[in-house]
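Here is the structure we will look at, set down as structure tokens.
The values are calculated or read from the model by the stated rules, or taken from the named source; none is laboratory data. What you see is a predicted model; the values in this text were computed from it and never measured. Quick reminder, even Gly has a Cβ in these numbers, built from the backbone with ideal geometry, and neighbours come from all protein chains shown. Accessible surface is based on the protein model in full, side chains and every heavy atom, while ligands, DNA and RNA are left aside. Shrake-Rupley method; radii C 1.70, N 1.55, O 1.52, S 1.80 Å.
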Amino acid sequence: MEFLSAKETAEKWNISRRRVQLLCGQGRIQGAFKLSDVWVIPKDAKKPADRRKIRKKPTDGERDKLVSGD
């Protein structure tokens with residue numbers, strides 16, 4: 001089995017190295033393990049879905065209601 005580092009995986013998935021490290025620490029990347037101080041990730045590991053909340057920006061109408069208090 002072939003493995004990648006957190007940096008290589010980050011480049012492959014187009015996310016930050018720190019985000020990959022967090023996903024590994026949360027157990028969200030199957031087969032990833034820590035070897036000394038380095039995360040080792042299977043080359044064929046799937047990128048987990050992003051479960052972070054995305055804040056919806058208010059539309060102009062919603063923004064007007066917030067300002068006017070209606």
Any pair with Cβ under 7 angstrom, 6 or more apart, that starts in region 14-31 at a residue that is at pLDDT 95 or above and ends at one that is open to solvent by less than 50 Å² (accessible area, probe 1.4 Å) and assigned to a loop (DSSP other than H, G, I, E, B): Leu23/Ile29; Leu23/Pro48; Cys24/Ala32; Arg28/Pro48; Ile29/Ala45; Ile29/Pro48; Gln30/Ala45; Gly31/Ala45
Hits in region 4-31 - residues which are assigned to a loop (DSSP other than H, G, I, E, B) and of a type in the set (Gly, Ala, Ser): Ser16, Gly27, Gly31
Hits in region 1-54 - residues which are under 10 Å from the mean Cα position of the chain (by Cα) and of a type in the set (Val, Ile, Thr): Ile15, Val20
Sole residue being at pLDDT 85 or above, among the basic types (Lys, Arg), outside any loop (DSSP other than H, G, I, E, B) and surrounded by 11 or more Cβ atoms within 10 Å (Cβ to Cβ), chosen from Lys34, Lys65: Lys34
